Amino acid sequence: MRRYFDMLISLILLILLSPILFLIAIIIKIDSKGPVFFTQMRIEKNNKLFKFYKFRTMAVGTPNVATEELKHSQNYITSFGKILRKTSLDELPQLINIFKGDMAFIGPRPALYNQYELKELRTKAGVHKILPGLTGWAQVNGRDMLNDAGKTSYDKYYLDHRSLAFDIKILIRTVFKVLRADGIIEGASSKKNTAAEEQKKQTISG
């Protein structure tokens, strides 16, 4: 039932949002050279690989690593890409992945094919048995600020407490997180600095 619901809603959203998707595609082509979509091999249910879609926000030739691990990432992000990333509009093409059955609306964010540590941790925790999601419990509890162990811990909690009410809670929190652009870190140095700031805050408050 969950799968059919995701398929139906993703199709409806693709139709309703098609004018916005088309407009974004045009601006991307005007803003920089390269394709409209950024595709990447990511890990889905049972550790299978699938082609993951996003609107391209970086220049062609950017190293194929997780954004939070990319040094000097601001040098690679296009002008319009900054807006797309801040508003999370770059994630909209994943509605295609949801419709195809590669992803769900709620679940662990799909890891890159070369995020071996995260893949291993999720496999040990049994998280690999569920479809990755457009958003998830880890996404609304730190997002890029979490290390692999932290992400897996939240993903495991979601696995053990899955329910319609929990999914709705995550969706509502996602909306607020997107509006505030919470948890988005651009690049390895930013991640390190943010982590240090969080540690300092905890030390002071503790």
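General remarks:
- Scanning the range 25-41 for residues that are in a strand (DSSP E or B), under 21 Å from LYS82 (Cβ atoms) and of a type in the set (A, V, I, L, M, F, W, C) yields PHE37, PHE38.
- Residues in the range 74-89 include none that are farther than 26 Å from ALA165 by Cβ, touching a helix residue (DSSP H, G or I) at 6+ places or on another chain (Cβ under 6 Å) and of a type in the set (D, E, K, R).
- On the stretch given as the range 96-151, residues that are on the phi > 0 side of the Ramachandran plot and touching a strand residue (DSSP E or B) at 6+ places or on another chain (Cβ under 7 Å) total 1.
- Looking only at residues in the range 132-161 that are of a type in the set (A, V, I, L, M) and within 27 Å of PHE99 (Cβ to Cβ), the one that is nearest to the chain's Cα centre (by Cα) is LEU134.
- All positions within the range 58-81 that are among the hydroxyl-bearing types (Ser, Thr, Tyr), surrounded by 12 or more Cβ atoms within 10 Å (Cβ to Cβ) and either at pLDDT 90 or above or more than 22 Å from GLY133 (Cα to Cα) (or both): THR62, SER73, TYR76, THR78
- Test: residue in the range 189-205 that is crowded, with 17+ Cβ neighbours inside 10 Å, modelled with pLDDT under 90 and part of a loop (DSSP other than H, G, I, E, B): no
- Yes/no for ALA25 being out of contact with any His (no Cβ under 7 Å at 6 or more places or on another chain), at pLDDT 95 or above and more than 30 Å from GLY126 (Cβ to Cβ): yes
- The range 24-57 - residue that is surrounded by 11 or more Cβ atoms within 10 Å (Cβ to Cβ) and polar (S, T, N, Q) and, of those, farthest from the chain's Cα centre (by Cα): SER32
- Pairs, first of a type in the set (Ser, Thr, Tyr) and assigned to a strand (DSSP E or B) in the range 42-53, second surrounded by fewer than 21 Cβ atoms within 10 Å (Cβ to Cβ) and modelled with pLDDT under 95, C-beta under 7 Å, six or more apart: TYR53/THR39
- Evaluated against (1) in a helix (DSSP H, G or I); (2) aromatic (Phe, Trp, Tyr); (3) touching a helix residue (DSSP H, G or I) at 6+ places or on another chain (Cβ under 8 Å), PHE22 falls short on exactly one condition, (3).
- The set of residues from the range 6-23 being surrounded by 13 or more Cβ atoms within 10 Å (Cβ to Cβ) and out of contact with any strand residue (DSSP E or B) (no Cβ under 6 Å at 6 or more places or on another chain) comprises MET7, ILE9, SER10, LEU11, LEU13, LEU14, LEU17, LEU21.
The values are calculated or read from the model by the stated rules, or taken from the named source; none is laboratory data. What you see is a predicted model; the values in this text were computed from it and never measured. Cβ sites come from the backbone with ideal geometry, for glycine too, and all protein chains shown count toward neighbours.
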